[in-house]
1. If you check Leu103 against the conditions, is it out of contact with any helix residue (DSSP H, G or I) (no Cβ under 6 Å at 6 or more places or on another chain), open to solvent by less than 50 Å² (accessible area, probe 1.4 Å) and either in a helix (DSSP H, G or I) or modelled with pLDDT of 95 or more (or both)?
2. Report the residue count in the range 51-83 for those that are assigned to a helix (DSSP H, G or I) and over 24 Å from Leu103 (Cα atoms).
3. Give me a count of the residues in the range 44-99 that are crowded, with 18+ Cβ neighbours inside 10 Å, among the charged types (D, E, K, R), free of Cβ contacts under 8 Å to residues at least 40 places away in the same chain and under 30 Å from Arg180 (Cα atoms).
4. Considering every residue within the range 123-131, establish whether at least one is without any contact (Cβ under 8 Å) to a residue 24 or more places away in the chain and open to solvent by 10 Å² or more (accessible area, probe 1.4 Å).
5. Please go through the range 32-43 and give me each residue that is open to solvent by less than 10 Å² (accessible area, probe 1.4 Å) and either in a loop (DSSP other than H, G, I, E, B) or at pLDDT 95 or above (or both), ordered by number.
6. So, of the residues in the range 158-213 that are hydroxyl-bearing (Ser, Thr, Tyr) and closer than 18 Å to Gln33 by Cα, which turns out to be surrounded by the most Cβ atoms within 10 Å (Cβ to Cβ)?
7. Given the conditions (1) buried (at least 20 other Cβ atoms within 10 Å of the Cβ); (2) in contact with a His (Cβ under 7 Å, 6 or more places away or on another chain); (3) of a type in the set (A, V, I, L, M, F, W, C), which single one is not true for Trp144?
8. Among the residues of the range 147-157 satisfying the criterion of being surrounded by fewer than 20 Cβ atoms within 10 Å (Cβ to Cβ) and touching a residue at least 60 places away in the same chain (Cβ under 8 Å), which is farthest from Asp66 (Cα to Cα)?
Amino acid sequence: MATSVPSVNAHAMLHLLHLCSPALPIGAYAYSQGLEYAIDSGWIKTPDEITDWLLGLMQHSLSYTDLPMLCRLYNAWQQGDITCVNYWNNYLRACRESRELLLEDEQLGGALARLLKGLDVPVSIALEAPSTYACQFARAGVHWGIALDDLCCGFLWSWLENQVAAATKLVPLGQTQGQRILVALMPHIPALCAAAHTRQDDELGRGLPGLAMASCLHERQYSRLFRS
């Protein structure tokens, strides 16, 4: 019986699936990025409103902040450019508009850095400040030979899956309805990732007042399930 040997691309794909898995022990499930406050306060009530909220974040926040900076960090890690890695890591930190959002990014980045160390992924660049999640995600992508286009899609998919999982607990949504939201938003991911590649430096860092307000107000929310 004939057997086949997995291609280099197949190995990279498997590493990407591993990196994006909700089972990855970095604690991403603990964060809602203000979604909990938005639902608790009545800003978002229906599955259609959740879909609109998440699409808005993808189009107007991640596509102008996390994704284009992920691209820059990937290139900087690939080139071993310590100045650029630190610059874009600091830039992304500066874009976090609330204490909660910055703390989330630091905790996810730190957790992923510790995991990569445990998996013997070498690091040759010392960061000036706590690492963002995108910085470590880019580092892992370079080490495992994951193509940048695929890495961006995986990053955005992982974010979306986590947000829908949070909404499923908070609304609450049925499991099937949560999957319907994922399927509805999935077609937007490749185009948003492609657009992120074209962002110029002076376009980066776009903020959303509603997201910032939800995150700030969530810090003092009386009862909550999520850390942010």
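1. Spelling it out, it is not the case that Leu103 is out of contact with any helix residue (DSSP H, G or I) (no Cβ under 6 Å at 6 or more places or on another chain), open to solvent by less than 50 Å² (accessible area, probe 1.4 Å) and either in a helix (DSSP H, G or I) or modelled with pLDDT of 95 or more (or both).
2. 5
3. Number satisfying all stated conditions: 1.
4. Looking for residues that are without any contact (Cβ under 8 Å) to a residue 24 or more places away in the chain and open to solvent by 10 Å² or more (accessible area, probe 1.4 Å), one finds at least one in the range 123-131, hence yes.
5. Ser32, Gly34
6. Ser158
7. Unmet for Trp144, out of (1) buried (at least 20 other Cβ atoms within 10 Å of the Cβ); (2) in contact with a His (Cβ under 7 Å, 6 or more places away or on another chain); (3) of a type in the set (A, V, I, L, M, F, W, C): (1).
8. It comes out as Ala147.
The values are calculated or read from the model by the stated rules, or taken from the named source; none is laboratory data. Since the model is a prediction, treat every value here as computed from it, not as a measurement. Counting neighbours? That spans all protein chains shown, and the Cβs are built from the backbone with ideal geometry, glycine included. Please note that ligands, DNA and RNA were not included when accessible areas were found on the heavy atoms of the full protein model with its side chains. Shrake-Rupley method; radii C 1.70, N 1.55, O 1.52, S 1.80 Å.
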